[in-house]
1. With 21 Å as the cut-off, how large is the P(r) tail for the range 118-181, expressed as percent of Cα-Cα pairs?
2. Under the Kirkwood approximation applied to all pairs of distinct alpha-carbon atoms, what is the hydrodynamic radius of the range 6-153 in Å?
3. Provide, as a two-decimal number, the C-alpha radius of gyration of the range 73-218 over 2.2 N^0.38 Å, N being how many residues it has.
4. Using a 7 Å offset from the Cα along the Cα-to-Cβ direction at both Met217 and Asp20, what is the distance between the two label points in nm, to one decimal?
5. Please state the charge dipole magnitude for the range 12-87, taken about the Cα centre, from unit charges on C-beta atoms (+1 on K and R, -1 on D and E), reported in debye and rounded to the nearest 20.
6. Mind checking the angle between helix 66-77 and the chain's longest principal axis? C-alpha axes, 0 to 90 degrees, to the nearest 10.
7. Find, among the chymotrypsin sites (Phe, Trp or Tyr not before Pro) in the range 86-165, those assigned to loop by DSSP (not H, G, I, E, B) with at most 10 other beta-carbon atoms within 10 angstrom.
8. With a Förster radius of 30 Å, plug the Cβ-Cβ distance of Lys78 and Thr99 into 1/(1 + (r/R0)^6) and report the FRET value to the nearest 0.05.
Amino acid sequence: MEKRVLCFGDSNTWGFNAKDEQRFSKEIRWTRKLQKHLGEDYEIIEEGLNGRNAVCEDQLKEGLKGLDYIYPCIMTHKPLDLVLIKLGTNDSKERYSMTPHNIAMGIIRLAGKVLHNGVGRNEGDPEILIVAPAPIGKDYMHVDAYLSMGRDADRKSRDMVPYLKEMAKENGFHFLDAGQHLKMGETDHMHLDEEGHARMAEILNDKIREIFNEKEMG
């Protein structure tokens, strides 16, 4: 039976190409590359949305609060063996007024909504993997990304990672710090380029196999 993996994220899961502001083709997106790495024993489910954050109501655009959508999302796609949550970039926007600690708390709160809903196998819970995105590059302030993100987004996206790692461990969630393996693209310093998508697929392939190997071993 295929292991079903839900990838819940933002524009870097959707596949936003900062060079032309269109969507990368399926051959380039990390979700599809991950599917190829893992093979037919896995099914990767794409759930990326441009601008999505964990718990904040956006004053300018509707539907970006992940907390409102996570429940119908997991119910739509059940049964699920793993829910991968990769958020934190948009949560760093100045207009949300979130501290790095707040951002981590919001992501963990969102992850907790997955539990106790019977969306795993045999009405249990799926495994949960929290992926901290690579931090926003400091030069984002010199391009149009600054108009949306505002001040200190690079610092917040970097400083929230240790909090997120600690909270994930406390809650029994798996954790991966993508910033240890890759960085954002040079076009706007907050979106993955083709190389970043390829690298993301590689590190997630290793992490997901590790999670299920550990589970099978008991």
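The values are calculated or read from the model by the stated rules, or taken from the named source; none is laboratory data. What you are looking at is a predicted structure, and each value in this text was computed from that prediction instead of being measured. Every residue, glycine as well, gets a Cβ built from its backbone with ideal geometry; the counts of neighbours run over all protein chains shown. Heavy atoms of the whole protein, side chains included, go into the accessibility calculation; ligands, DNA and RNA do not. Shrake-Rupley method; radii C 1.70, N 1.55, O 1.52, S 1.80 Å.
1. Working: 838 of 2016 pairs.
That fraction is 42 percent.
2. Kirkwood hydrodynamic radius for the range 6-153: 16.1 Å.
3. Its radius of gyration relative to the 2.2 N^0.38 Å reference: 1.10.
4. The answer from the label model is 4.5 nm.
5. Charge dipole of the range 12-87: 240 debye, to the nearest 20.
6. Long axis of 66-77 versus the principal axis of the chain: about 30 degrees.
7. none
8. 0.30
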